[in-house]
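Input: a single structure, listed below in structure tokens.
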Amino acid sequence: MNLERIRDFCERRGFEVCTRMGERIGIKPGVVRMYFIYTSFLAFGSPLIIYLVLAFWLRIKDYWRQSRSSVLDL
């Protein structure tokens with residue numbers, strides 16, 4: 001299998017935290033991923049907790065956007 005296909009599969013099925021952060025900041029998602037990997041080694045895994053909190057927050061944010069499409073739906 002192609003490495004690009006594996007990464008795309010993981011991003012689609014994953015939380016897309018690095019991709020969204022990279023788009024918002026204006027840098028490549030690969031740089032954000034490397035940041036999380038390096039800081040996880042240096043800080044003994046504590047950035048993993050930050051990553052999971054961001055993933056949860058993004059999922060909740062997407063859920064709220066989908067559930068409320070209009071003010072008249074209330």
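The values are calculated or read from the model by the stated rules, or taken from the named source; none is laboratory data. Computed from a predicted structure; not experimentally measured. Here the Cβ positions follow ideal geometry from the backbone for every residue, glycine too, while neighbour counts run over all protein chains shown.
Scanning the range 40-54 for residues that are assigned to a helix (DSSP H, G or I) and aliphatic (A, V, I, L, M) turns up 42, 48, 49, 50, 52, 53, 54.
Among the conditions (1) surrounded by 12 or more Cβ atoms within 10 Å (Cβ to Cβ); (2) among the aliphatic types (A, V, I, L, M); (3) at pLDDT below 85, residue 1 misses just one, which is (1). Filtered by the rule that a residue be farther than 17 Å from residue 7 by Cβ and among the hydroxyl-bearing types (Ser, Thr, Tyr), the range 30-62 gives 38, 39, 40, 46. Within the range 25-39, is there a residue that is out of contact with any Leu (no Cβ under 6 Å at 6 or more places or on another chain), charged (D, E, K, R) and not in a helix (DSSP H, G or I)? Yes; the residues of the range 25-39 include at least one that is out of contact with any Leu (no Cβ under 6 Å at 6 or more places or on another chain), charged (D, E, K, R) and not in a helix (DSSP H, G or I).
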